[in-house]
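Here is the structure we will look at, set down as C-alpha cells.
Every read-out reported here was derived from the displayed coordinates using simple, explicitly stated rules and does not represent laboratory data. Because the structure is predicted, anything quoted here is derived from the model rather than measured. Note that we place each Cβ from the backbone using ideal geometry, even for glycine, and neighbour counts take in every protein chain shown.
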Amino acid sequence: MNVRTRIAPSPTGDPHVGTAYIALFNLCFAKQHGGKFVLRIEDTDQVRSTEQSEQMIYDSLRWLGLDWDEGPDVGGDFGPYRQSERGDIYQTHAQQLIDNGHAFKCYRTAAELDELRASIKASGENRALKPSDLLLSEAEQQQREADGAPFVVRMQVPTEGKCTVSDMLRGEIELDWSTVDAQILLKSDGMPTYHLANVVDDHLMEITHVLRGEEWINSAPKHQLLYEYFGWDMPALCHLPLLRNPDKSKLSKRKNPTSILYYQRMGYLPEAVVNYLGRMGWSMPDEREKFTLEEMLEAFDVQRVSLGGPIFDLDKLSWLNGLWIRESLTAEQLADKLIEWGLNRETLLSVIPHVQQRMDTLSDFIPKTAFLGSGLLDINEQNFAALKLDTAEQLKILQFALWRLEALSDWQRDALFEELKGLADALDLKVKDFLAPLFIAVSGSTASFSVMDAMALLGSDMTRARLRNGIDVLGGVSKKQMKAMEKAYKGLNSAN
Ligand code: GLU
C-alpha cells in the first residue's frame, strides 16, 4: 500500500502548537512506511479564514522542519489542496447523495430549529436532531422551494442503535446513533461543512491513514456513514490524545501560549520544540528525552503512543531547550541562531523608529529596548505600587485588556489603540491611568515608548503572556473575583 497521511488545518488565527504536534506524527507515520505526507488547507469557513493565517501555517511548520510532499504551495497530483478551490467537487458529491436518498434539502429556519431542539429537550429526551424531526409537509416543502428560500443539505442518519468505529490505538469504539444529528453537509451559502469536504478530499487525495486529534472521535460515525453512502473504503483512523495544560484542561490560549509564533519569539529552538512535541504521548524505545527529528523518524511506531493526556508543560520545554542550547550548539551555531532569532538588521529597523528620538549614545539602545527581546519580564508588585489606581483596579484593567485582546485578530498598532481606548472609555478612566498597569506588565516601566507600539512589536501571544504574568504578579484573580469580573465585563460590552 502507498501510505498517504495528511494534516488539514484551518487557516483561522495563529498557527497552533496542536497543528505542529499532529503534523509531526503524520509525517513520522508516512515516512516510516515510505509514504507521502500531504498538507491540505481547510478554508471553507470563509469568514474566519485568512491568507495571512495560511501563510503563517506554512512558515511555522517549515521553521520546525516539518516539511510536506504535497500542498497548496508545493503542488502535487491531487490538487487543488485548498478547499475553497474545490467547490464544484463538493456540490457534485452532495448532489449524488441527494439523488441516492442519503441526503436531503432542509428548509428549516433558525427559529424553527431552536423550537425543535427545545421541544426535544422538554420531552426529557437526550438526543440529536434527526431527519424525521426536520421533515416539512410536502406542500410546505414545495412552497419554500418555489419561494427560493435558503436551504442546507443534511445527511440521513439512523435514529438508534450502536455504531462501531475502529481506531488504530483504541480498538473498536462504540458510539450511540441517537446522539448523532442529521449533519449539515452543504451550508446555505453552498459551501461544504468540514464533514463533507474532509471525507470527499481524504478519498480523492487517496489518504490511507487519518491521524487527527481526539476531539474528532465523535465525528467518526458520520464520516464512516458517508464513506458507506459513497461506496468508498474509509482510511484507517487514529485519534491522537489532545495536548493539555498542567491542570489537565485542554490546551487553550486562555491559559497557555498556543501559537508557534510565541515559541519562536520566546527563543525556543525549532529542534527542541519538535523534540518536545515528539514526547507528547510518545517515547523513544530507550526512553531518552532528547532526540532529533531524524532519530524520531527512524524509531517511530504509532503503537507506542500512550493515550493518557500529554501535558504541554512550559518548564519542561524550557529545560529541554536548555539542553539543546548547551549541549548541541557550537558558539558559532549559537551566534547564527541568535541572528536568525532577532539580533539582525530587520529587527533593528522595526525597533529603531520608536527609540531613535530618545537616544543620546548608541549604548542607550540596549537598555531602552531590552524588554522587547526578553521573555516574561522580571517584575514584582513594587513596580505597580507607585501607580495611581489601586491593585483591584489594576487587576481589572489587565484582565479586561486580556479579554479584549484575545478577541483581536488584526494585531496592528491602530487596532490595538482603538480596542484599548474603547475599553478605557467604557471603564470611564483617563487613558493615562488606564494604560499605566499595561505599561508595567508589557514594557516593565511607564517610561518606555508607547505601549501600543510595544504590543505591536511583541505580537499577540507574547503580549498576552505578559498581561497574564502581570495579573499573577499582582496576586492573581480568585475564582470568585473572576466570576464578578466576567459579569462586569459582559455588562460593559452590552452597554456599549
Ligand atoms: N480542519 C480540521 C482542523 O482544523 C481538520 C481535522 C482533521 O484532521 O480531520 O483541525
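Checking the condition under 18 Å from residue 221 (Cβ atoms), surrounded by 14 or more Cβ atoms within 10 Å (Cβ to Cβ) and within 32 Å of the chain's Cα centre (by Cα), which residue from 108, 154 passes?
Details: 108 fails: under 18 Å from residue 221 (Cβ atoms).
Step by step, each of 108, 154 is checked, and only 154 is under 18 Å from residue 221 (Cβ atoms), surrounded by 14 or more Cβ atoms within 10 Å (Cβ to Cβ) and within 32 Å of the chain's Cα centre (by Cα).
Return the residues of region 74-103 that are out of contact with any Pro (no Cβ under 8 Å at 6 or more places or on another chain), of a type outside the set (Gly, Ala, Ser), part of a loop (DSSP other than H, G, I, E, B) and surrounded by 15 or more Cβ atoms within 10 Å (Cβ to Cβ); say none if nothing qualifies.
78, 102 - these are the residues of region 74-103 that are out of contact with any Pro (no Cβ under 8 Å at 6 or more places or on another chain), of a type outside the set (Gly, Ala, Ser), part of a loop (DSSP other than H, G, I, E, B) and surrounded by 15 or more Cβ atoms within 10 Å (Cβ to Cβ).
Restrict the check to region 185-202 and report whether at least one residue is in a loop (DSSP other than H, G, I, E, B), away from the ligand (no atom under 13 Å from the Cβ) and among the hydroxyl-bearing types (Ser, Thr, Tyr). If you could, list the steps in order and put the result at the bottom.
Our first condition is that a residue be in a loop (DSSP other than H, G, I, E, B); within region 185-202, this holds for 187-191, 193.
Checking which are away from the ligand (no atom under 13 Å from the Cβ) leaves us with 187-191.
Within this subset, residues satisfying the condition of being among the hydroxyl-bearing types (Ser, Thr, Tyr) are 188.
The answer is yes, given that some residue of region 185-202 is in a loop (DSSP other than H, G, I, E, B), away from the ligand (no atom under 13 Å from the Cβ) and among the hydroxyl-bearing types (Ser, Thr, Tyr).
If I ask for residues that are in contact with a Lys or Arg (Cβ under 8 Å, 6 or more places away or on another chain), within 16 Å of the ligand (Cβ to nearest atom) and assigned to a loop (DSSP other than H, G, I, E, B), which ones from region 144-184 would you list?
Within region 144-184, 183 is the sole residue that qualifies.
Return the residues of region 1-58 that are near the ligand (Cβ under 10 Å from one of its atoms), among the charged types (D, E, K, R) and part of a loop (DSSP other than H, G, I, E, B); say none if nothing qualifies.
Selection gives 40, 42, 43, 45.
Quick check, is residue 261 under 23 Å from residue 43 (Cβ atoms), aliphatic (A, V, I, L, M) and away from the ligand (no atom under 12 Å from the Cβ)? Quick ask: steps written out before the conclusion?
Numbers: under 23 Å from residue 43 (Cβ atoms): yes; aliphatic (A, V, I, L, M): yes; away from the ligand (no atom under 12 Å from the Cβ): yes.
So residue 261 passes the test.
Give all pairs with beta carbons closer than 6 Å in which a residue from region 159-184 that is on the phi > 0 side of the Ramachandran plot meets a residue that is basic (Lys, Arg) and assigned to a loop (DSSP other than H, G, I, E, B); count only pairs at least 6 apart in sequence or on separate chains.
Between residues of region 159-184 that are on the phi > 0 side of the Ramachandran plot and residues that are basic (Lys, Arg) and assigned to a loop (DSSP other than H, G, I, E, B), there is no close pair.
Take the residues in region 411-450 that are small (Gly, Ala, Ser) and in a loop (DSSP other than H, G, I, E, B); name whichever of them is surrounded by the fewest Cβ atoms within 10 Å (Cβ to Cβ).
Quick first cut of region 411-450, residues small (Gly, Ala, Ser) only: 415, 422, 424, 426, 436, 441, 443-445, 447-448, 450.
Filter once more, so that each one left must be in a loop (DSSP other than H, G, I, E, B): 444-445, 447-448, 450.
Values: 444: 18, 445: 12, 447: 9, 448: 20, 450: 15.
The extreme case among them is 447.
Being assigned to a loop (DSSP other than H, G, I, E, B), within 30 Å of the chain's Cα centre (by Cα) and within 22 Å of residue 216 (Cβ to Cβ) is the requirement here; does residue 128 meet it?
On the way: assigned to a loop (DSSP other than H, G, I, E, B): yes; within 30 Å of the chain's Cα centre (by Cα): yes; within 22 Å of residue 216 (Cβ to Cβ): yes.
Judged against the criteria, residue 128 is a match.
Do you know which of the residues in region 386-410 that are outside any helix (DSSP H, G or I) and of a type outside the set (S, T, N, Q) is nearest to residue 493 (Cα to Cα)?
Let us first name the residues in region 386-410 that are outside any helix (DSSP H, G or I), namely 386-390, 407-410.
The next check asks that each one be of a type outside the set (S, T, N, Q); those that pass are 386-390, 407-408, 410.
On the way: 386: 30, 387: 26, 388: 25, 389: 22, 390: 23, 407: 13, 408: 15, 410: 19 Å.
The qualifying residue nearest to residue 493 (Cα to Cα) is 407.
Just a yes or no: is a residue in region 207-219 of a type in the set (Lys, Arg), part of a helix (DSSP H, G or I) and either crowded, with 18+ Cβ neighbours inside 10 Å or away from the ligand (no atom under 13 Å from the Cβ) (or both)? Write out each step before concluding.
Just the residues of region 207-219 that are of a type in the set (Lys, Arg), to begin with: 212.
Of the ones still in play, those that are also part of a helix (DSSP H, G or I) are none.
No, every residue in region 207-219 fails to be of a type in the set (Lys, Arg), part of a helix (DSSP H, G or I) and either crowded, with 18+ Cβ neighbours inside 10 Å or away from the ligand (no atom under 13 Å from the Cβ) (or both).
Within region 111-125, how many residues are touching a residue at least 12 places away in the same chain (Cβ under 8 Å) and loosely packed, with under 15 Cβ neighbours inside 10 Å? Quick ask: steps written out before the conclusion?
Here is the first cut: in region 111-125, the residues touching a residue at least 12 places away in the same chain (Cβ under 8 Å) are 113, 116-117, 120.
Adding the requirement that they be loosely packed, with under 15 Cβ neighbours inside 10 Å leaves 113, 117.
Residues that pass the stated criteria total 2.
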